[in-house]
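Comments concern the structure below.
Computed from the coordinates by the stated procedures, all read-outs in this text should not be read as laboratory data. Note that the coordinates shown come from a computational prediction; the quantities given were computed from them, not determined experimentally. Every residue, glycine among them, receives a Cβ derived from its backbone with ideal geometry; neighbour counts consider all protein chains shown.
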Amino acid sequence: MSEDFPRMTSHRPYLLRALVEWINDNGMTPHVLVDAGLPGVQVPASAVKDGRVVLNIAERAVVGLQVDNESVSFTARFGGVSHPVMVPMAAVLAVYARETGQGMALPDDIPGTNSEPPDPGSPPPSAPTPDEPSSGGKRPHLRVVK
């Protein structure tokens, strides 16, 4: 990426808001899959399974839903008890409709598109050179679909 262009903000919150709107417009229930192990995630421990949690973010299921560029936050009931929930945008793995499973896994941000500048003390990631062998010498797992 050239230094001539300004850094862009994360695309993840924009995708999340658009997908939630699409799911709601179709009368479905939006759910988000969250990596509960990342720093800043605040969910009841009882809701976490295998380091992940699925949250129903339908308007009828939460109070005060806020989806900004940094996080998703709201208050919801877990086991009949109201809990504040806070999920940093980086911890949102996917959004989908409960009824159909349609949705999308949110892609990682492209390097250089976040609002934080890289650490000047760290070396830039190196691209493999053509002389280097590929990782593990394994065959590609993609196949042609006709």
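When restricted to residues that are of a type in the set (Val, Ile, Thr) and over 13 Å from Ala76 (Cβ atoms), the range 36-65 contains 2. The one condition from (1) among the β-branched types (Val, Ile, Thr); (2) under 18 Å from Ala105 (Cα atoms); (3) in contact with a Pro (Cβ under 7 Å, 6 or more places away or on another chain) that Thr29 does not meet is (3). For first residues located in the range 4-29 and under 21 Å from Met89 (Cα atoms), partners that are acidic (Asp, Glu) and lie 6+ apart or on another chain with Cβ distances below 6 Å form the pairs Ser10/Asp109. Within the bounds of the range 44-55, is there any residue that is of a type in the set (Lys, Arg) and over 23 Å from Leu19 (Cα atoms)? Yes, that holds for at least one residue.
Taken as a whole, the condition of being of a type outside the set (S, T, N, Q) and assigned to a helix (DSSP H, G or I) applies to Glu21.
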